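The values are calculated or read from the model by the stated rules, or taken from the named source; none is laboratory data. Keep in mind the model is a prediction, meaning the values are calculated, not measured. As a convention, Cβ positions derive from the backbone with ideal geometry for all residues, glycine included, and neighbour counts pool all protein chains shown. Each accessible area value is taken on the protein alone, full model and side chains, heavy atoms only, with ligands, DNA and RNA left out. Shrake-Rupley method; radii C 1.70, N 1.55, O 1.52, S 1.80 Å.
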Amino acid sequence: MKFNKDILKLYMITDINYMDERESVLKAVKSGATCVQYRAKNTDTKQMIEVAKDLKKICNHHNVPLIINDRLDIALAIQADGIHIGQDDMPIEIVKKYASNMIIGVSASNIEQALIAEKKGADYIGAGAVFSTQTKKDANYMGIESLKELMKKIKIPVAAIGGINLKNIKEVLKTNIDGVCIISALLCSKDIEKTTKEFLKIIEEEHI
């Protein structure tokens, strides 16, 4: 699948600590989520492949790209649409060597990191954490003002991540961001389908 910035609009990230990945992904993509990232930091490789294969089937059925977090081997094994790497993960140069046909996203917590990722050929930046978050307690805090500055200097698409919910999403969208990554605000919701649609409604009203 070729990269298009529209896939970043409502970017869902999985977390088994909140909810079974298969169930949460199915509910989110049925309701309009535009991209899914499978993130499973403490899961063994065999289980990751099994889950990733199932998520790929779900995402393919709904024409939504599946991005694998960190694990290039998993992404290649299941022929995922893309891979997302952090600052301490495999260098983008190596990822591009083996996954030149995949969408490649890079996490950045400041402008310098984002500019380097852009220069090295990332398709998009995951910028944050915008707000404090319980999902990734070691995440570096960015804040709205830094996000605004980043958006002025980065030419490739950017999706904001970190503590984004229905109460603060409008503030994030005002930075001219290309999309938002949502984890706990969806996975902790009593009704993922309804919450997904509520996020999309706000996003469409803000015209991103």
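Tabulated values for the structure
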| item | result |
| --- | --- |
| Nearest-20 debye value, region 28-186 charge dipole, Cβ charges on Lys, Arg, Asp, Glu | 320 debye |
| Heavy-atom accessible area ranking, 1.4 Å probe, most first, across Met19, Met1 | Met1, Met19 |
| Rounded D (µm²/s) - the chain, Kirkwood Rh over Cα pairs, Stokes-Einstein at 10 °C, 1.306 mPa s | 95 µm²/s |
| Rh by Kirkwood over Cα pairs, then Stokes-Einstein D for region 40-95 at 1.002 mPa s and 20 °C, µm²/s | 184 µm²/s |
| Spin-label model distance (nm) - Lys155 vs Ser100, 7 Å beyond Cα toward Cβ | 2.1 nm |
| Kyte-Doolittle at least -1.0, axis length at least 18 Å by Cα - qualifying DSSP helices, the chain | 45-61, 192-205 |
| Pairwise FRET efficiency - Asp191 versus Leu76, Cβ, R0 = 22 Å, nearest 0.05 | 0.05 |
| Normalised alpha carbon radius of gyration of region 1-91 [divisor 2.2 N^0.38 Å] | 0.99 |
| Virtual spin-label span in nm between Leu166 and Gln87, 7 Å along Cα→Cβ | 3.3 nm |
| Accessible carbon and sulfur surface of the chain relative to its total accessible area, %, 1.4 Å | 47 percent |
| For region 19-64, alpha-carbon Rg relative to the globular expectation (2.2 N^0.38 Å, N residues) | 1.10 |
